[in-house]
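To start, the structure under review is shown below, and the notes come after it.
The values are calculated or read from the model by the stated rules, or taken from the named source; none is laboratory data. Bear in mind that the values here come from a model prediction, so they are computed numbers and not experimental data. In this analysis, Cβ positions are derived from the backbone assuming ideal geometry, glycine residues included, and neighbour counts consider all displayed protein chains. To get the accessible areas, we keep the full protein, side chains included, count just its heavy atoms, and leave off ligands, DNA and RNA. Shrake-Rupley method; radii C 1.70, N 1.55, O 1.52, S 1.80 Å.
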Amino acid sequence: QVYLVESGGGLVQPGGSLRLSCKASGMNFRLASMYWYRQAPGKQRELVAGTTSSGDTNYGDDVKGRFTISRYNIRRTVQLQMNSLKPEDTAVYYCNTNYGRGFWGQGTQVTVSS
């Protein structure tokens, strides 16, 4: 069974930083593309960032230049470093993989507010 467990969410002031982590188990992490999505209240879930098995990355337009996705194959972990956070970044952030039939984590709340 594949499990994705997110951590690192919380409350941060505008302009601050957070780092999210997603630990994977039950899968061959090296072969998987990994993604971060987010969903704000009343909005559709949207792609934030992704990294392929070869390490290529892509970002949503709203986060380019502020967020960085990194993967650590030995630790089976993908991280999302979020800098210069804005109130509109407030959302539940989900880890996702396209490995197998695709799997989601349970989500971690990020709140950007003064």
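Data for the structure
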| quantity | calculated |
| --- | --- |
| Carbon and sulfur %, accessible surface of the chain computed with the full protein complex present, 1.4 Å | 45 percent |
| Residue-wise HN-Hα coupling along segment 92-98, computed from phi with Karplus coefficients 6.51, -1.76, 1.60 (Hz; x: Gly, Pro) | 8, 9, 10, 8, 9, 9, 8 |
| 1.4 Å probe accessible area per residue over the chain, in Å² | 53 Å² |
| Where trypsin sites (Lys or Arg not before Pro) fall in DSSP loop in segment 1-48, at most 13 other Cβ within 10 Å | 43 |
| List 103, 29, ordered by accessible area with a 1.4 Å probe, largest first | 103, 29 |
| Kirkwood estimate for the chain, i.e. one over the average of 1/r between Cα atoms, Å | 13.9 Å |
